[in-house]
Amino acid sequence: LSPLDHGEKHRGAIRTRLNLEPMIKIQRRVAHQNGCAFYSLFDAMGGEGTMGRWARSKPRLVGGDLTHVSKYGARILGALIYKALMSGFKGHLDREARR
């Protein structure tokens, strides 16, 4: 799993921390090179700028640190992970059925 979006305040706005996307790109590449599954929570939750959008949502989906999700945000992330796992499992079952 990649990290979530991490926000930081910059000139009165909330932006994604600058080092986050390059780090996720490296994680994805290393996972692929080693035959590991990789799921980008960053992309699944909305990509760049998500923490700003989630901080302005009602109910608020992130904490004041712009790093951790609230209980409402956790429910959304849980649902995203569950759907991805079930989709992958269905794909596996479909491939097995074709053998």
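Using 0.36 nm per residue of separation minus the Cα-Cα distance, give me the extension gain between Phe38 and Leu80 in nm, one decimal.
13.7 nm
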**OP:** Name all residues of region 11-51 having a backbone nitrogen under 16 Å from the label point set 7 Å from the Cα of Ser87 along its Cα→Cβ direction, giving them as ranges.
**Re:** 37-47
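On average, how much accessible surface per residue is there in the chain, in Å², for a 1.4 Å probe, leaving out ligands, DNA and RNA?
On the way: 6860 Å² over 99 residues.
Result: 69 Å² per residue.
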Subject >> Per DSSP, loop GluC sites (Glu not before Pro) in the chain with at most 10 further Cβ within 10 Å >> reply: none
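Could you tell me which of rounded, prolate or oblate describes the chain, using a ≥ b ≥ c as the square roots of the eigenvalues of the alpha-carbon gyration tensor, with rounded for a/c under 1.5 and, failing that, prolate when a/b is larger than b/c and oblate otherwise?
Oblate, because a/c is 1.5 or more while a/b does not exceed b/c.
Net charge around Ala55, counting only other residues with Cβ within less than 12 Å of its Cβ (Lys, Arg = +1; Asp, Glu = -1)?
+3
Arg29 to Arg98: FRET efficiency via 1/(1 + (r/R0)^6), r the Cβ-Cβ distance, R0 25 Å, to the nearest 0.05? It would help to have the intermediate numbers written out before the result.
Values: r = 30 Å, r/R0 = 1.18.
Given R0 = 25 Å and the Cβ-Cβ separation, E is 0.25.
The values are calculated or read from the model by the stated rules, or taken from the named source; none is laboratory data. The shown structure was predicted, so the numbers you read here are calculated from the model rather than taken from an experiment. Note that each Cβ is placed from the backbone with ideal geometry, even for glycine, and that neighbours are counted across all protein chains shown. Surface areas here come from the heavy atoms of the whole protein model, side chains and all, with no ligands, DNA or RNA. Shrake-Rupley method; radii C 1.70, N 1.55, O 1.52, S 1.80 Å.
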